[in-house]
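S.K.: My questions all concern the structure below.
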Amino acid sequence: MITIALDTMGADFSPHNEVAGAIEVVKESKGRFKVLLVGKKESLNAEIKYQQDFPTESIEVVDAQEVIEMGDEPVHAIREKRNSSIVVGLQAVKQKQADAFVSAGNTGAVMSGGTLELGRIFGVSRPMIGSQFPRSAGGFTLVFDVGATVDAKPHWLKEYGIMGSIYAKNIFGITNPTVALLSVGEEKSKGNELVLEAAKLLEATDINFIGNVEGRDILNGKCDVILCDGYTGNVILKFAESVLPSLRTRIKKYSEKSFVHKIKAGITASVLRSSLKDFDYQEYGGVPLLGVNGVVIIGHGSSTPRAIRTMLLRAEEMVKKDMVATIAKAFEKVQEKIIN
């Protein structure tokens, strides 16, 4: 049985959505794993009190009286709030009481905490987070890094490429994933110093590096994994998250013009809802923090119970496929090549 520690504090709708999502996934899993609800015991017990058919054998409350708020400075909060739900949850993974940690709380704190509490995989300079973007013809393009580290160095991007390729192969089942650098042109000569230097390092690896791609290639499916610094990646991620809400707002305003417009909007909304389903963050729940010694999934602050459910299932998948050990073995080989 897999055990997952779930941070239930600090998100927009905590702890209600976390508890609801945990109950949903535990009931449907039928004994596959256990969830540790990490947070203020009194708040969690009050929430659980009103739940019918609560699966007490598969869900356990772990008390953590401090909360790292969204506005807290990440590193300071991790060091000062040692009894916070984020630190306690990560410690559960470190002490082998849980196989994975899931949080929709302060993203920076989860990233900093994951690195400080669990440590980096040997050979990894900087952990990264990645996100999946739906392609026009179906499937997904993975983008790394989308915010773990704002800046980047060429050898970090090389490491992102190695980890991203492993993730695409093991989680998405892509046999030989193509990897590219995000740049201002496809030509080898295009790009800033970071891109030009990173390309040289990536060409010397065993991964399927194909060169540069442009921003439009994220959605057209030209390659499987796209690499960039965390600043650029986070801008792309936040823009993508705004697409669906923006379309919904425009359709709603259009429908208010007349009865005919309302009918047209209803038809359009139905089509868009189905075709743009993959743009909804709830469908993939959260993003993985890769490069640390443990499975960590980071979710959106406004995660719904459905998004929490998806995050828990993604964490389970990463544990079952032994992603941490697989990445560690890949970096062992990299170190052996350097030594030899």
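S.K.: So, in region 254-282, of the ones that are in a helix (DSSP H, G or I) and exposed (fewer than 11 other Cβ atoms within 10 Å of the Cβ), which residue ends up modelled with the lowest pLDDT?
M.R.: 275
S.K.: Name the residues in region 3-57 that are without any contact (Cβ under 8 Å) to a residue 60 or more places away in the chain, under 28 Å from residue 82 (Cβ atoms) and surrounded by 15 or more Cβ atoms within 10 Å (Cβ to Cβ), would you?
M.R.: 15, 19, 34, 37, 38, 39, 40, 43, 44, 47, 48
S.K.: In the list 103, 112, 84, which residue meets the criterion of being outside the structural domain of residue 156 (by TED's automatic domain parsing), surrounded by fewer than 24 Cβ atoms within 10 Å (Cβ to Cβ) and in contact (Cβ under 8 Å) with a residue 12 or more places away in the chain?
M.R.: Selected residue: 112, the only one of 103, 112, 84 that is outside the structural domain of residue 156 (by TED's automatic domain parsing), surrounded by fewer than 24 Cβ atoms within 10 Å (Cβ to Cβ) and in contact (Cβ under 8 Å) with a residue 12 or more places away in the chain.
S.K.: While we're looking at this one, here's another question. Scan region 141-155 and tell me whether some residue there is part of a helix (DSSP H, G or I), out of contact with any Pro (no Cβ under 7 Å at 6 or more places or on another chain) and surrounded by fewer than 24 Cβ atoms within 10 Å (Cβ to Cβ).
M.R.: Among the residues of region 141-155, at least one is part of a helix (DSSP H, G or I), out of contact with any Pro (no Cβ under 7 Å at 6 or more places or on another chain) and surrounded by fewer than 24 Cβ atoms within 10 Å (Cβ to Cβ), which makes the answer yes.
S.K.: Here's a follow-up. For region 283-301, how many residues meet the condition of being of a type in the set (S, T, N, Q) and either out of contact with any helix residue (DSSP H, G or I) (no Cβ under 9 Å at 6 or more places or on another chain) or free of Cβ contacts under 8 Å to residues at least 40 places away in the same chain (or both)?
M.R.: Qualifying residue count, region 283-301: 0.
S.K.: Identify the residue in region 190-221 that is part of a loop (DSSP other than H, G, I, E, B) and touching a helix residue (DSSP H, G or I) at 6+ places or on another chain (Cβ under 8 Å) and, among all such residues, is surrounded by the most Cβ atoms within 10 Å (Cβ to Cβ).
M.R.: 207
S.K.: Residue under question is residue 179, and the condition is that it be in contact with a helix residue (DSSP H, G or I) (Cβ under 9 Å, 6 or more places away or on another chain), of a type in the set (A, V, I, L, M, F, W, C), part of a helix (DSSP H, G or I) and farther than 28 Å from residue 109 by Cα; does it hold?
M.R.: no
The values are calculated or read from the model by the stated rules, or taken from the named source; none is laboratory data. Predicted, not measured: the structure shown is a model, and the values here were computed from it. When we count neighbours, we look across all protein chains shown, and the Cβ atoms used for this are built from the backbone with ideal geometry, even at glycine.
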